[in-house]
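First the structure, in the form of C-alpha cells, and then the observations on it.
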Amino acid sequence: MASTAAGKQRIPKVAKVKNKAPAELQITAEQLLREAKERELELLPPPPTQKITDEEELNDYKLRKRKTFEDNIRKNRTVISNWIKYAQWEESLKEIQRARSIYERALDVDHRNVTLWLKYAEMEMKNRQINHARNIWDRAITILPRVNQFWYKYTYMEEMLGNVAGGRQVFERWMEWQPDEQAWHSYINFELRYKEIERARLVYEKFVFIHPEAKNWIKYARFEEKHGYIGHARKVYERGVEFYGEDHMDEQLFVAFAKFEEKQKEFDRVRVIYKYALDRIAKQKAQELFKNYTVFEKKFGDRRGIEDVIVSKRRFQYEEEVKANPHNYDAWFDYLRLVESDGDPDSVHEVYERAIANVPPIQEKRHWRRYIYLWINYALFEELEAKDPEKTRQVYQACLELIPHKKFTFAKLWLLYAQFEVRQKNLSLARRALGTGIGKCPKNKLFKGYIELELQLREFDRCRKLYEKYLEFSPENCTTWIKFAELETILGDVERARAIYELAIGQPRLDMPEVLWKSYIDFEIEQEEYERTRNLYRRLLQRTQHVKVWISYVQFELSVDVPERISRCRQIYEDANRSLRNCEEKEERLIFLESWRDFETEFGTESSQDRVRKLMPERVKKRRKLHAEDGTDAGWEEYYDYIFPEDAANQPNLKLLAMAKLWKKQLHDEKEPEDQEPEDNPDKETDKNENEP
C-alpha cells in the first residue's frame, strides 16, 4: 500500500465492471474445487531426501529437531500429542533416557491423561525395561484405579512374562476396587487357564455378592456343573433362591434351576421348583416361567400335570385381578369356578371365605346382587360337594344376618334356606325361616314361595292363612285373589271361592282388574251359573263400556245352548250400539260394528244384515295442522276419520259431502261424455280439510 508525502494512506482504485450481466457459462464453487483436485494444484512436491554422512551433521540435525519440538511444547504445553511425538522421536534414536525424561515432564503437565501412561508403559515394554514398566503400571493404577485398561495391560504383561503369581496379585488389587463384571470374568478365566478351579470358585463367591444379579448366580452354577460338581451347582442355585427371598424373586434363576434339575433327570424337583416360583412371582413377570413349565409337562408329565400348569397360570391371573379390585365379584366367580374344578376342598373353602369377606361398602340392593350369589354358591358347594349340612346351615344363617333387612332383602336366599331345611327334613326350621323373612321384610316372592311349599305339603289350612296375610300385605294384587279363589275351587268350596271373588272386585284399587273380572266370569261359567254370569257382565258394564266386554258378553250368550240365544245376542248388540254412540274412540266402535256384521252374516236375515250395513261408517281422509313443541307451525298431517250415519252431529257434513260428490261426478261427465260412464263409488276416499267450513 503506497503512502503520500503527508503520511496519509490512499486506497488504490478499483476497476469498474461495465458489464454486470451474468455470464453465459456459470461456474460453481464445487466445480472449481473439482478442477483443482483433478489438476493437483494444491499438492506440494515432497521435500528432498537428506543424507547424513558424518557425526557433526547428525548432531546438528538432532539439535534442530529438538529445538523444533521444544518450541512446539513451549507454545502449548497442554497438547499432549506434541509430547508423545517428541518422546517417540527420541525413542526412534534409541535415546531411551531422553524419551523417559520427556514422558515424565509430560506427566507433570497432565498426569490424568490415559494415552500418555499407555504410551510410556508401551515404550518401556518394547525396550524390555520390565521393572520400569512395572513401576509405570503401579503408578498408573494408583493414580487412576478406575481405568480398566491399565489393569488389563498390567495383568496381560505379567501373564506374558510367565509371572502367574504377580498377575494374580494384580488381579487381587484390582478386585479390591469392585470393578465391573467383565473384570471379574477376566480374573476367573485367568485362574481357569492355569486349572485353578478352587481359586476360581473363591473368585465366584466374591463376585456373586459384589454383583448379585441372577445371571451371575446362573454363571456360577453353570461353572460348577461344567466341571462336574453337581452338588455344588445345586447348592449355588439354592443359595441364589435364598439370597433373593420372596420379595425379589427372579424368573430367570428359577428357569435355569429347573433346567439344571431336568438335565439331572430330577423331574419331581423340577415340578416343585416351577410350582414354588409360580405361586410367588407376579404373573406379568412369570411369562417365560409358565412357558417353560408347560413345555416340561408336555415332555415329561401326564395329562394331570399339564392341567395343573394351566390351572396355576389362571389361578395367578385371578389372584392379580382380585388383588387389584377385591369387589370385582365376577373375577371371584371365575376364580371359584377354577378352584372348584381343581377338586381341592380346603382351597375352595379358603377362596370362598376370602370372597365373602369383601362386603359391598354401600347398602344399596344393586351393589349386593352379585355379592349374594357368592354366599349362595358357597352354601350349595357345602351341601352338594362337601356334604356338610351343618356348615351349609351356618353359611345361610351368616348371610341372612349380614343383609340389612330394614332396607332390602333377598327372597331367593330365604327360599333357598327353607328348601335346604326341607331337604334335611326340618320342616319347623324351614317354616321358621320363611316366617322370619315375611316378618322382617315381606315380599311377593316370599309369600308365593311359602304358599307353594305348603301346597306341596298339602297343608291347605296354612295356605289359607298365608293367603290372608298376603292379601293384607298387598290387597291390590289381582293374581293373589285369583290364586286364592282357585285354591278354594280345587278344594270344592265354591261359595268360599265366590266370596273371595266378591271381596276382590270390591277393592278400591287393583293392579289388573280386567284379569280379575275375566277369572270371576270364567269361574261362574265353569260352575254353569249362567244367570250369575249375566249379572257379572251387567255389573262390569256399569263400570266400563269397553268394546271387548260387549263382544265377550255376546260370545258368552252365543255359547249358551238355549233357543233364545240369537235374540239375546242381538239385544246385546243393540244395547252396545246405543251405549257406544258417545264413545270417542271411533276405531273401537268400528270393531264392534264389524263384530255385529259378522254375527248377522252367520246367524241373521237379509233385513238384519242390511240394517247393520247401514250402520257402518264411511272412511274419510282428512288433514290437520301440526304444531311443534314451541308452538310454531309444523305443517299438515293426513289421517283417516270415520263418519257414522247414526251420528246426528255429522248429518250436515254428510249432506255437504254427498253434494260435493254429485257435483264432481257431473263435472267429470261433461268433460268426457263419450269415454267415461257415470259411476258412483260410495267407498271412495275424500280429502277434507278440518279448517274448511
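What shape does region 481-550 have by the C-alpha gyration tensor, where a ≥ b ≥ c are the square roots of the eigenvalues, rounded means a/c under 1.5, and otherwise prolate means a/b greater than b/c and oblate the rest?
Taking the square roots of the gyration eigenvalues as a ≥ b ≥ c, region 481-550 is oblate.
For region 197-298, compute Rg over Rh where Rg is the Cα radius of gyration and Rh is the Kirkwood radius from the inverse mean 1/r over Cα pairs.
With Rg and the Kirkwood Rh in hand, the quotient comes to 0.97.
When only Cα pairs under 8 Å and 6 or more residues apart are kept, what is the percent relative contact order across region 20-171?
10 percent
Give, rounded to the nearest 20 debye, the magnitude of the charge dipole that region 13-110 has about its Cα centre when Lys and Arg contribute +1 at Cβ and Asp and Glu contribute -1 at Cβ.
For this selection, approximately 660 debye.
Over region 45-159, one equal point on each Cα, no solvent: what is log10 I(q)/I(0) by the Debye formula at q = 0.14, 0.15, 0.23 Å⁻¹?
-0.65, -0.72, -1.29
Which value, in nm² and rounded to one decimal, describes the direction-averaged projected area of the C-alpha convex hull of region 386-522?
9.3 nm²
Using θ = phi - 60° and the Karplus form 6.51 cos²θ - 1.76 cosθ + 1.60, what ³J(HN,Hα) does each residue of region 421-429 get, whole Hz, x for Gly and Pro?
Taking θ as phi minus 60°, the curve returns 5, 5, 5, 8, 6, 10, 5, 4, 5 Hz for region 421-429.
Specify whether the C-alpha gyration tensor of region 410-465 places it in the rounded, prolate or oblate class, a ≥ b ≥ c being the square roots of the eigenvalues: rounded for a/c under 1.5, otherwise prolate if a/b is larger than b/c and oblate if not.
oblate
Got a sec? What order do Ser519, Ser341 fall in by accessible area at 1.4 Å, biggest, i.e. largest, first?
Descending accessible area places them as Ser341, Ser519.
Would you mind listing how long region 382-450 runs along its three principal axes, going by Cα atoms, in whole Å with the largest first?
Over region 382-450, Cα extents along the principal axes are 33, 22, 16 Å.
Can you quote the Å³ per residue value for the convex hull of the Cα atoms in region 60-116, rounded to an integer?
Considering the Cα atoms of region 60-116, their hull volume per residue is 67 Å³.
Give me D for region 318-360 in µm² s⁻¹, whole number, from Stokes-Einstein with Rh from the Kirkwood sum over alpha-carbon pairs, 10 °C and 1.306 mPa s.
Estimated diffusion coefficient is 154 µm²/s.
Residue farthest toward the positive end of the dipole of region 390-502, with Cβ of Lys/Arg at +1 and Asp/Glu at -1: which of Leu427, Ile403, Tyr450?
Ile403
Straight-line reach only, C-alpha to C-alpha below 16 angstrom: list the aspartates and glutamates that Lys440 could link to, leaving out same-chain residues fewer than 8 apart.
Glu401, Glu472
How many angstrom lie between the C-alpha centres of region 45-100 and region 145-217?
41 Å
Relative contact order of region 379-499, please, whole-number percent, based on alpha carbon pairs below 8 angstrom and at least 6 residues apart.
Relative contact order for region 379-499 comes out at 14 percent.
I'd like the distance between the alpha-carbon centres of region 422-451 and region 258-279, rounded to an integer number of Å.
Cα centres, region 422-451 to region 258-279: 55 Å.
For region 179-234, what does the alpha-carbon gyration tensor say about shape, rounded, prolate or oblate, given a ≥ b ≥ c as the root eigenvalues, a/c under 1.5 as rounded, and a/b over b/c as prolate?
Here region 179-234 falls in the oblate category.
Sort 593-604, 172-183, 214-225 for me by packing, meaning the mean count of neighbouring Cβ atoms within 10 Å per residue, highest on top.
214-225, 593-604, 172-183
Please list, short to long, the whole-number percent of alpha-carbon pairs of region 316-398 in consecutive 10 angstrom bins beginning at zero.
For region 316-398, the binned pair fractions read 18, 51, 28, 3 percent.
Quick one: order Lys65, Lys469, Lys548 from most to least accessible surface, probe 1.4 Å.
Descending accessible area places them as Lys548, Lys469, Lys65.
Return the lysines within reach of Lys291: Cα separation strictly under 23 angstrom, same-chain partners fewer than 8 residues apart disregarded; answer none if there are no such residues.
Leaving aside lysines fewer than 8 places away in the same chain, those within reach of Lys291 are Lys215, Lys219, Lys259, Lys263, Lys265, Lys275, Lys283, Lys299, Lys313.
May I ask you to work out the translational diffusion coefficient for region 93-245 at 37 °C, viscosity 0.692 mPa s, via Stokes-Einstein with Rh from the Kirkwood sum over Cα pairs, reported in whole µm²/s?
Translational D for this selection: 189 µm²/s.
How much accessible area does Lys465 have with a 1.4 Å probe, in Å² rounded to the nearest 10?
140 Å²
Compute the signed sum of charges (Lys and Arg +1, Asp and Glu -1) over the other residues within less than 9 Å, Cβ to Cβ, of Gly167.
With Lys, Arg at +1 and Asp, Glu at -1, the net is -1.
Which entries in the list Lys412/Lys445; Lys51/Lys119; Lys625/Lys665; Lys448/Lys483 go over 18 Å, if you measure between the two C-alpha atoms of each?
Long pairs (Cα-Cα over 18 Å): Lys51/Lys119; Lys625/Lys665.
The values are calculated or read from the model by the stated rules, or taken from the named source; none is laboratory data. Quick caveat, the model's predicted, so the values are computed rather than measured. When we count neighbours, we look across all protein chains shown, and the Cβ atoms used for this are built from the backbone with ideal geometry, even at glycine. Note: areas computed on protein heavy atoms with side chains; ligands, DNA, RNA excluded. Shrake-Rupley method; radii C 1.70, N 1.55, O 1.52, S 1.80 Å.
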